[in-house]
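Remarks on the structure that follows.
Values in this text are rule-based calculations from the coordinates and carry no lab data. Here the structure is a predicted model, which is why all the values come from computation and not from measurement. Backbone-built Cβ (ideal geometry, glycine too); neighbour counts: all protein chains shown.
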Amino acid sequence: MRTLVARLRSVLDALGLVALADDLRARLRYLADRETRARNARFARSLDPDEPPLPPPRLVYAVGGHFDLEEYCESGEVHADLIRDVLAQNERDIERCQSVLDFGCGCGRVLRQWRGIPRLELHGCDRDERLVAWCRRSLDFAEFRVNHLEPPLPYAGGQFDFVYAISVFTHLTEELQHAWMAELERVLAPGGVLLLTTKGRSRIGPLDDAERARFEDGELVVQSPRYAGRNLCAAYHPERYVRERLAVGLRVLDFRPAQNGAAPSMDVFAQSQDVFLLQAPASEPARGASR
């Protein structure tokens, strides 16, 4: 039976249909999961009516690979606390920012945490038009744009003093990562900072021996690159690779390795990914900027 399932998955992969099949299977399981659906209904009723609305579970799944609304909200709070802490440790504060970009915003699980900060321009972008459409309808305190799998972004050079990308570079090929790093440098204001998370040493369990050897040699390892931009594509970053090859136009202000024993779920972060805080040059144009 396992051999048959493996063969079927191999055929679907050859056709580029694995992601579609996995999504369909997950949705059918959710429809049959009365407990999770009931828990979602109770949690939705418990929210303060003044809070922003919750996205439908199907959109939560598109972002986090699960349908749990409470986990979705908690993960947004955890990420926001992490961002605040990393910034504070580097003498920065999101409340002193003028313009912030959530790159790969999904359905706003982190961005919603910044609602109510005075004089802060909030922007979010994502390649999934469904997520952006929902954000535009539901989160009126921010502006949302659609981007493509490849750059550019629909923003002016130097527009943002803070950009963050939570579990975005973890799902891109090497070529796309370098293209997007250059583009994020372009939209960063002089002296602005970029926070990104990566799968580092604590997350290399799924790698085979050859992939681990490449990781130990400081090479980026990307699994299922044909699904770039989706959860099936998984990128693993040695710290040295980010410092020496990916973030070459930026200064590394801070590096936090993932906490040992953190939950590997994409959403229950508990800092299960490495965190880098990078700074653009104070005056010279960033890599890829227009002159």
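Points to keep in mind about this one:
- Computed E for ASP23/ARG119 - FRET, C-beta separation, R0 51 angstrom, nearest 0.05: 0.80
- Label zone (LEU31, point 7 Å along Cα-to-C-beta; backbone nitrogen cut-off 15 Å) within region 109-134: none.
- q = 0.12, 0.18 Å⁻¹, region 68-279: log10 I(q)/I(0) [Debye, one scatterer per Cα]: -0.58, -1.45
- Per-residue Cβ neighbour rank within 10 angstrom, fewest leading, LEU195, LEU232: LEU232, LEU195
- Charge tally in the Cβ shell below 15 Å around ALA210, where Lys, Arg are +1 and Asp, Glu are -1, ALA210 excluded: -4
- Each Cα pair under 8 Å and six or more residues apart adds its separation to the average, and for region 129-201 the resulting relative contact order is 36 percent.
- Going from the residue with the fewest nearby Cβ atoms within 10 Å to the one with the most, ASP209, ASP93, ASP102 rank ASP209, ASP93, ASP102.
- Percent of beta bridges antiparallel (DSSP, the chain, rounded to nearest 5): 45 percent
- Computed extension gain for ASP85 through ARG240, at 0.36 nm per residue and net of the alpha carbon distance, reaches 53.5 nm.
- Value of [θ]222 nm, deg cm²/dmol, for the chain, DSSP H segments ≥ 4, -39500 (n - 2.57) each, nearest 500: -11000 deg cm²/dmol
- Evaluated at q = 0.21 Å⁻¹: base-10 log I(q)/I(0), Debye formula over Cα of region 20-143: -1.27
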